[in-house]
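Before any comments, here is the structure.
Throughout, read-outs are computed from the coordinates displayed, never taken from laboratory work. Quick caveat: nothing in here was measured; it's all calculated off a predicted structure. For neighbour counting, all protein chains shown are included, and Cβ atoms are generated from backbone atoms with ideal geometry for every residue, glycine included.
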């Protein structure tokens, strides 16, 4: 049985949309299934990243890396990747910030539950 799908509207950079359209044309598929597959793959990666940054040590490492674009560029060069250090550092910083926010929300939620149980 097919899963029901929700219809959404998004705003997307024209260059990204042109790249998606090129993939769709090469695969002979419509945008929706291609974008859905791309998003599903990216969501998996984001979920893994979120899970990894929940550990305090790993979060500290990510935060440290985000403060050193030169180190990131060096690592990328060692593994043969071309990378804009400023863009990558900003991405890492945003991810670390999101991780901290999630931890704070969890703590606040736990504190509310504990206060409700004792109140």
With bins 10 Å wide starting at 0, give me the P(r) of the chain over every alpha carbon pair, in whole percents.
11, 25, 30, 24, 9, 2, 0
Would you mind putting 18-28, 96-106 in packing order, based on average other-beta-carbon counts within 10 Å, highest first?
96-106, 18-28
Across bins of 10 angstrom width beginning at 0, how are the C-alpha pair distances of segment 12-53 distributed, in whole percent?
28, 43, 23, 7
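Using helices alone, I'd like the mean residue ellipticity at 222 nm for the chain: each DSSP H run of four-plus residues gives -39500 (n - 2.57), total over residue count, nearest 500.
Values: 5 runs with 92 residues, N = 119.
That comes out to -26500 deg cm²/dmol.
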Rg to Rh for segment 55-119: what is it, with Cα atoms only and Rh by Kirkwood?
1.25
In whole angstrom, the spacing between the Cα centers of segment 70-111 and segment 28-43 equals 25
